Each structure stands twice: as C-alpha cells, then as structure tokens.
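Asker: This structure is in structure tokens; I'll ask about it shortly.
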Amino acid sequence: MKILVIQQKMIGDVLTSTIICEALTKEYPNATIDYLVNSNTKPVTLENPFFNTIIEFKNEYRDSKKAFYSFLKEIKKAKYDLVIDAYGKLESNLISFFSKAPKKISFYKWYTKFIYSEVVHRKSDPITNASIAIENRLRLVYPEDRLTSNIIRPKIFLTKKEQETSKAYLTTNGISSETPLIMISVVGSEIRKTLPFEYMSKVIDEIVTTTSANILFNYIPSQEKDAKTIYDLTTKSTQQHIHFNVFGKSLREFIAILSHCDVLIGNEGGAVNMAKALDKPTFTIFSPWIIKKDWNMFEDGITHDSVHLYDTKPELYGDKTPKEMKDHALELYKNLSSELIIPKLKTFLKNLNL
C-alpha cells in the first residue's frame, strides 16, 4: 500500500500533522508513506521514522504553472492507493485530484468535497486535553469511537551528533547545565501574535528574578531588531542572564539547542509546538485573536500552561469569538498586561521547581 499525506502550512502545522503519518504507520505497518510539505518546513520532519520519504513542495511550483504541472504528473506516476490531504487548499486539492488515488480523504468543504472519496467534519470542541489541532488531524485516520484511545503526541527526532554539537556550542558560550536554561519565544511570527514589547520585557525580568536562569531568545534574523528592543527594555541585572547572541543559525540548530533547555516560555507559535515535541515544559502567551482550545496541546496546568486574554476579560470580546477579533489584536493586547501574566507564570515555575 502506498500513501501520501499532504500538509503545506506553517512549521507548527507540519510538525503537528506528523501524527497522521504515525497513526497510519500503526494502522498499515507494511505501507509506504510519503509526506508532502513546503521546503522551508522540512527541518522539523527530519529523522522521523513514521514516513519513508519527504516530498518537498518547492516555491517554483507556485511561481511556474509549468513546474507545478510537471510536479502533478510525478504525483500521478507514483500511483498512490491513499491520499490524506490535511491542508485542504487549492494546491493540495489539485495534487489530490491528479493523484488518481482510489481513496482520498480530507476535511469537509462543500466546494471541494467532490474531489475526495471521504470527507471528515472538523469538530469545534475538544474531547481530550490534546487540543482540537490534534484531534481533528487524527479524525482523518480514525473513526470517532477510536479517537480517544489513539491520541498521539507530535515528536521531533535529533541525531546524537546534533545533540552533542549543540551541547558543545552552549558550553563554549559559558552556559552550564548546572543552571536552569530557559528559551523565550520573544517575538511571534507576526506583530498580531507578539506580546507588546514592554510587557514581554517585564515577564522576562520576573523569570530571572524568580529562577536566576540563563536566558536564550528565539528569533529569526529579520526579527533581530525587535528582539534587541525587548532586550534593551529589560533591567541591567536581567541582561546579565540573557545570552542574546546564542541562537541557532538554522531551524535544525535551534531545535537542537532547544533540546537542552529546561522550559520554553513566550508567544504562541511554532517554537511552542517544537518544545512540546521535544517533551519540554511550556508556558504559552496566546495572542488575543487565536482560539486557545485549537492549539493548547496537552495543557495540564503543570507541565504545560498558558494565558489568554479571553480567560480573564471575556467582556472585551462581546459576542464575537477571538478569531473574529483578529483585526483588533493590537488593541486587545494592551489589556494583556504583564500583571495578568506573571502570577500564573510564577505558579508554573514553582511547580517545575525552577
């Protein structure tokens, strides 16, 4: 049996959707499974044993109709028996259609359901603490009556060399395993997913005051200016604990460094998902427009906890959902002050004995 799983979204989505491949491996142990992802998200899938091949969806397929058509012909030539489309957008619709697989499964949309032999209706409320993100993906594999007994956690796999190299890098930069090491997801993927800088700086000050930990910042090169602004807003004593220039120069290097951290704290996004996939505790600060129950994976209030404006000030939303308030994210963020975050954060750190 030959199976294709498609997920062309962002890093967090691609990582989370690896559970589909793991579930399929358990259901069809003799199957060949290919995982189709965007090239830039490939690092979170490397070394994963639950699929045979990573198929990269390259930028040229979006830039050139001819290149995309050639890619579609290669998909058809592969003769898949089953296609699971977890993405569900035009590109993956076309890939699914051109595959000519006898069985094609995706999420229900009235205007694309004719492409698939089976469609799955997303649920809006979780039935476990795994989150909607996990449960809905597993519905693409399991019937409803088997869902709760087959919950799977996303996993990231590192080589021994990657772990040793990253450990040596930290040691060279004066970071000892004898002192707690905390990764801060200091800047979100966009401004509407980033806690205001002055609030984040106060959160970091509190973390250092409470734990005396070494601090690393998670940011990409294009965000360095914003990360430095937050650094400059922290106190001088806090800055002595921040190793600003210690960071992974690639996504894979970041993951390896994160594997040596005791906890990740900060803005919701791919870094949080990667920390959880490495079995690291997390404290997540949700953007006011993100629906928390969709992405608070395996939250138990101890190992994984979070804050969301809606939890404390639902009156600010009126009769609208957080997602419907997306355009008001920056205005809403003003109400998610550090004073609302710190008490819960201190309890979280105490529970971890940090």
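The values are calculated or read from the model by the stated rules, or taken from the named source; none is laboratory data. The structure displayed is predicted, hence computed values, not measured ones. We place every Cβ from the backbone using ideal geometry, glycine too, and count neighbours over all the protein chains shown.
Asker: Taking the condition in contact with a helix residue (DSSP H, G or I) (Cβ under 8 Å, 6 or more places away or on another chain) and closer than 28 Å to N136 by Cβ, does T53 pass? Don't jump to the end; show me each part of the working.
Answerer: Details: in contact with a helix residue (DSSP H, G or I) (Cβ under 8 Å, 6 or more places away or on another chain): no; closer than 28 Å to N136 by Cβ: yes.
Taking the combined requirement at face value, the residue does not satisfy it.
Asker: Pick from Y169, Y219, Y199: which is modelled with pLDDT of 95 or more, closer than 23 Å to F348 by Cβ and either over 22 Å from the mean Cα position of the chain (by Cα) or of a type in the set (S, T, Y) (or both)?
Answerer: Working: Y169 fails: closer than 23 Å to F348 by Cβ; Y219 fails: modelled with pLDDT of 95 or more.
Criteria check complete, one pass: Y199.
Asker: Given the condition charged (D, E, K, R), in contact (Cβ under 8 Å) with a residue 60 or more places away in the chain and over 22 Å from E22 (Cα atoms), answer yes or no: does some residue in the stretch 82-103 qualify? Full working, then the answer.
Answerer: First pass over the stretch 82-103, keeping only residues charged (D, E, K, R): 85, 89, 91, 100, 103.
Remaining after also requiring in contact (Cβ under 8 Å) with a residue 60 or more places away in the chain: 85, 89, 91.
From the residues that got through so far, the ones that are over 22 Å from E22 (Cα atoms) too are 89, 91.
The answer is yes; a qualifying residue exists.
Asker: Please state which one of I152, I175, I105, I95 is over 30 Å from I75 (Cβ atoms), out of contact with any Pro (no Cβ under 7 Å at 6 or more places or on another chain), among the hydrophobic types (A, V, I, L, M, F, W, C) and surrounded by 12 or more Cβ atoms within 10 Å (Cβ to Cβ). Steps first, please.
Answerer: Details: I152 fails: over 30 Å from I75 (Cβ atoms); I105 fails: over 30 Å from I75 (Cβ atoms); I95 fails: over 30 Å from I75 (Cβ atoms).
None of the others qualify; the one that does is I175.
Asker: Sticking with this structure for a sec: Can you tell me which residue in the stretch 129-145 is farthest from S70 (Cα to Cα), limited to those that are in contact with a Phe, Trp or Tyr (Cβ under 9 Å, 6 or more places away or on another chain) and part of a loop (DSSP other than H, G, I, E, B)? Please lay out each step first, then the result.
Answerer: Pass one, the stretch 129-145, residues in contact with a Phe, Trp or Tyr (Cβ under 9 Å, 6 or more places away or on another chain): 129-134, 136, 139-140.
Restricting the remaining residues to those that are part of a loop (DSSP other than H, G, I, E, B) gives 129-131, 139-140.
Values: N129: 42, A130: 39, S131: 38, R139: 31, L140: 28 Å.
Selected residue: N129.
Asker: May I ask you to list the residues in the stretch 187-200 that are of a type outside the set (A, V, I, L, M), in contact (Cβ under 8 Å) with a residue 40 or more places away in the chain and part of a loop (DSSP other than H, G, I, E, B)?
Answerer: Across the stretch 187-200, the qualifying residues are G188, S189, T194, P196.
Asker: Separate question: Of the residues S166, S222, only one is surrounded by 14 or more Cβ atoms within 10 Å (Cβ to Cβ) and among the small types (G, A, S); which?
Answerer: Numbers: S222 fails: surrounded by 14 or more Cβ atoms within 10 Å (Cβ to Cβ).
Only one candidate passes the filter, namely S166.
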